[in-house]
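Some notes on the structure that comes next.
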Amino acid sequence: MSTINLTIETFEETVMADGITLVDFWAEWCGPCKMFGPIFEKAAEANSDIRFAKVDTENNQELAGGMGIQSIPTIMAFRDGVMLFSQPGAMPAASLDQLIDAIRKVDMDDVRKQIAEAEAANNNE
């Protein structure tokens, strides 16, 4: 599967969907982004069960700002609408593969339980 381009209009519905979504925040002028792009595309082709998306930060400055992007490339991983990972910097292919494996192995029932407990604790303060 190839990557999809996200905008402020399509970002939320895409990352909130069931399953795994990896998002690459990038810009055309960014050297590390250009190096990472082919790695991201190759991973997209090898992992058809995952949505791979890109956000052009130049054309989507409001979205990038809203997501707190301060350095590009920045990679974010979402699963079932929950952000599990966010890190600036280009990744080597092996690190991206490790991230994908780790995201697949996350116990989402445990994550939802932790979120619910944190929300309950905040509501009791």
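The values are calculated or read from the model by the stated rules, or taken from the named source; none is laboratory data. Only a predicted model underlies this, so the values are computations on that prediction, with no experimental measurement involved. Note that we place each Cβ from the backbone using ideal geometry, even for glycine, and neighbour counts take in every protein chain shown.
Summary table below
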quantity	calculated
Residue check, residue 40 touching a Lys or Arg at 6+ places or on another chain (Cβ under 9 Å) and modelled with pLDDT of 95 or more	yes
Options 81, 65, 31, 89: the member that is more than 21 Å from residue 2 (Cβ to Cβ) and touching a residue at least 60 places away in the same chain (Cβ under 8 Å)	81
Selection within segment 50-98 - closer than 19 Å to residue 34 by Cβ and among the aromatic types (Phe, Trp, Tyr)	52
Failed item in (1) over 17 Å from residue 4 (Cβ atoms); (2) surrounded by 19 or more Cβ atoms within 10 Å (Cβ to Cβ); (3) in contact with an Asp or Glu (Cβ under 6 Å, 6 or more places away or on another chain), with residue 72 passing the rest	(3)
Every residue from segment 1-58 that is part of a loop (DSSP other than H, G, I, E, B), within 13 Å of the chain's Cα centre (by Cα) and β-branched (Val, Ile, Thr)	3, 50
Contacts under 7 angstrom Cβ, first residue in segment 101-125 being under 28 Å from residue 49 (Cα atoms), partner among the acidic types (Asp, Glu), 6 or more apart	108/80
Qualifying residue in segment 107-117 (condition: under 16 Å from the mean Cα position of the chain (by Cα), over 16 Å from residue 16 (Cα atoms) and surrounded by fewer than 15 Cβ atoms within 10 Å (Cβ to Cβ))	no
Residue match in segment 34-50 (condition: closer than 23 Å to residue 10 by Cβ, aromatic (Phe, Trp, Tyr) and in contact with a helix residue (DSSP H, G or I) (Cβ under 6 Å, 6 or more places away or on another chain))	no
